[in-house]
Amino acid sequence: MRALLVLITLLLAAGAQSNEADMEQYLTMIQQKVSQVAPKTREKHNVTVVVDIESSGHLSALRVTKSSGDPRVDESVLRAVLASSPFKPLPKALAPRLTGVEIKVQH
């Protein structure tokens, strides 16, 4: 069985004064939570979703930006991201919202 790989990048953060250490810790926490619940399959699939996260840690947007080509796989990844939220509240340096957080799920 292939190992699950979840990569997270930040496309755009609200507030130019964001603390890089806070950002890295927060994105690592998201990666760990999504990895715990993301689907694992024998076939190789890649799905990219983008989320917006409010200061409370709740998702305010979730969308597939790169499909695996299999709607069932895409839907299972969306469900995994939803199941792993809400995340911890944003650190003050990252508030009030993170937009365009890209989550790449490869399994």
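Residues whose amide H comes within less than 5 Å of that of residue 61, counting only those at least five positions distant or on another chain, are 52 (H built at 1.01 Å from N in the peptide plane).
For the stretch 38-86, the relative contact order is 39 percent, taking Cα pairs closer than 8 Å that sit 6 or more residues apart in sequence and dividing their mean separation by the residue count. Cross-link partners for residue 66 among the lysines, with Cα-Cα distance under 25 Å and sequence neighbours closer than 8 places in the same chain left out: 33, 40, 44, 104.
Read-outs: derived from the displayed coordinates by stated rules, not from any lab. In this text the structure is predicted, and so the values were computed from the model without any measurement.
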